[in-house]
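Just so you know, all these numbers are worked out from the coordinates, no wet-lab data involved. Note that this is a predicted model, so its numbers are computed, not measured. FYI the Cβ positions are ideal-geometry reconstructions off the backbone, even for glycines, and counts take in every protein chain you see.
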Amino acid sequence: MAAGGFCKLPNGTVVVALNLPTPTSPGAHPDAAPVRILVHAANRARALTRLRNLGMRAVYLRGNAAPPTPDEITAVLHHPDGLIWRTDSEAATPPELWRPIRSLLRRPAPSSPSGV
């Protein structure tokens, strides 16, 4: 289950924020930092459907424990896709920039040692 939350905007749309473990893919590093994903959609159900359509099938939002901050809302509203992410590392200095979801889903797998 993902930690996260949502914020309803004055125009009726919502911004959903989810903290997820790094998507597991073949060759993914087990100690990779979790990611924070922001989705702008017409409602919460549509936001989660957008993520499920990208292959993140087990994404659910229970409660509103970690809603998006005003800076996060601004970032997702100014992105053309309305779907962005960055690592959820609070110790990162300087803060990491938001990236389009395409870059998360197409991450190259780390190369394995030669001879394996």
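I'd like the Karplus ³J(HN,Hα) series for segment 97-103: coefficients 6.51, -1.76, 1.60, θ = phi - 60°, whole numbers in Hz, and an x wherever there's a Gly or Pro.
7, 6, 10, x, 4, 4, 6
Can you list residues from other chains, or at least 5 along the same chain, whose modelled amide H is less than 5 Å from the amide H of ALA3?
ASN19
Put a dot 7 Å past each Cα toward the Cβ at ASN64 and ASN19; how far apart are the dots in nm?
Taking the simple label geometry, ASN19 and ASN64 are separated by 1.8 nm.
With a point put 7 Å past each Cα toward its Cβ, work out how far THR87 is from ALA45 in nm, to one decimal.
3.7 nm
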